[in-house]
Protein chains: 2
Amino acid sequence: MLAKSVFTAIVPRLVFRVTKDVEEVRRRFISVAGHTTQSLGMGRSVGQIFAHVYFSREPQSLDDITEALGVSKGGASMCVRQLAQWGAVRQVWVKGDRKDYYEACDDFGRIVRRALLDAIGSRMERTDNLLAEAENLLGNAANGGKGKDPDMVFVRKRIRNLRKFRDRAQWIWEHSVLRLLRK
Amino acid sequence: MLAKSVFTAIVPRLVFRVTKDVEEVRRRFISVAGHTTQSLGMGRSVGQIFAHVYFSREPQSLDDITEALGVSKGGASMCVRQLAQWGAVRQVWVKGDRKDYYEACDDFGRIVRRALLDAIGSRMERTDNLLAEAENLLGNAANGGKGKDPDMVFVRKRIRNLRKFRDRAQWIWEHSVLRLLRK
DNA sequence: CGTTACGTTCAAAATATATTGAACGCAATG
DNA sequence: CATTGCGTTCAATATATTTTGAACGTAACG
């Protein structure tokens, strides 16, 4: 405590100012990251925690996180696991300490790719299943002569268009987005 | 009423079966669309309403929608406006009727493009502002010699990486995703 | 003009989602 | 082997978001 007082008394003002700026930048990023993940429907904590770890030079323990952000330990635990699953954060061992420490990974390409896969992949598949089910139930283009019910004709056409777009979307997804994010 | 009874009594079973199947497919799509938009954080009604209109041969009024889906008129009004803004739905006039009618637009490329622009565009910009603010506050690479505070050096490096990824993401966004969705 | 049939708005209610924190299990430590 | 310090779980709670529906403005109609 004494040492710190002496320190703040003698260091040049510049260093002090600089430290304040760094803190300010950290706070701003944590805030924006939190709002961003919240508006994406993933909760505020995930973004805040990632930003905090990302801008921390030292690996952070759950306790560090709860203290820095004021979130509960349980929540921190869950968010950190989520982040680790996306490869946004990795666990590092600090010798002589039983706690788990985490540091941020800086490969956003991979992080975003995994997060998107997590968010989009299953939805794509479900849509595909639904389309297949519908095509199966209503018959595909081949036996188009059977059902002359105008409603049926109309719905079939819509389903064909939907299928066409879905296939194109998948192409863009696989050959463009995922590939480009891969460094 | 009598007419309908006679009708159902004499038509071949096949037509009956087919109608049932079409209804079933409609229901399934409405359900999945609802869950999808909900899980995307846009509310269930938006998806349901679009699916309903998309699979309706006749233009649909707000009353048609509220009756078909059991949503409130106010909600239907707001959702329809949202959908119209994305170009997912367009207003059509039916002569001799004061109601507004809507029909679905089938150009998913344009729809998704607009929706994504709406969802991503502003976020991109805000991230850009934040980065610019930080770069301005902490100084950019040019005066890297000034602040030797290790914390400052570290944060600067992280911000540089962030900037690098952001620029790449924007490139992918503009030159790949938006372009490819444009037919 | 008064009346009716619309679409829209927005505060309140309902719902969905995220967060908390006490209880738990486990493994390291003395 | 008791104790302590961890991370995890999950029911309860807090929060954010969506949905409702009554009140309102407006334009068409008789």
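The values are calculated or read from the model by the stated rules, or taken from the named source; none is laboratory data. Only a predicted model underlies this, so the values are computations on that prediction, with no experimental measurement involved. Note that we place each Cβ from the backbone using ideal geometry, even for glycine, and neighbour counts take in every protein chain shown. Just the protein is used for accessible areas: all its heavy atoms, side chains included, with ligands, DNA and RNA removed. Shrake-Rupley method; radii C 1.70, N 1.55, O 1.52, S 1.80 Å.
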Quiz prompt | Using distinct alpha-carbon pairs, which all enter the 1/r mean, Kirkwood radius of chain A in Å | solution = 20.6
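Given the protein assembly as shown, report the % of alpha carbon pairs whose separation exceeds 25 Å.
66
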Exercise. Quick one: among B:S31, B:S56, B:S39, which has the greatest mean-square fluctuation in a GNM of chain B with alpha-carbon springs under 10 angstrom?
Key: B:S39
Quiz prompt | Candidate residues B:K95, A:K148: accessible-area rank, largest first, probe 1.4 Å | solution = B:K95, A:K148
Practice problem: Along Cα→Cβ, 7 Å out, is where each label goes; now give me the distance between the ones at A:E103 and A:K73 in nm to one decimal. | Solution: 2.5
Self-check item: Ordering of B:124-131, A:22-29 by packing [mean C-beta count within 10 Å, highest first]
Solution: A:22-29, B:124-131
Quiz item: What are the nm distances, shortest first, from B:R179 to its equivalents in the other copies, labels at 7 Å along Cα→Cβ?
Solution: 1.3
Practice problem: Would you mind listing the distances between the B:I120 label point and the same position in each other copy? Use 7 Å along Cα-to-C-beta, nm, one decimal, shortest first. | Solution: 0.7
Practice problem: Please report, to one decimal in angstroms, the Kirkwood hydrodynamic radius of region A:109-181 built from all distinct Cα-Cα pairs. | Solution: 13.9
Quiz item: Using modelled amide H (1.01 Å from N, peptide plane; none on Pro or chain starts), what sits under 5 Å from the amide H of A:Y102, excluding residues fewer than 5 places away?
Solution: A:Q60, A:S61, A:V92
Quiz item: Say a label goes 7 Å from Cα toward Cβ at A:V94 in every copy; what distances in nm does this one have to the rest, shortest first?
Solution: 6.9
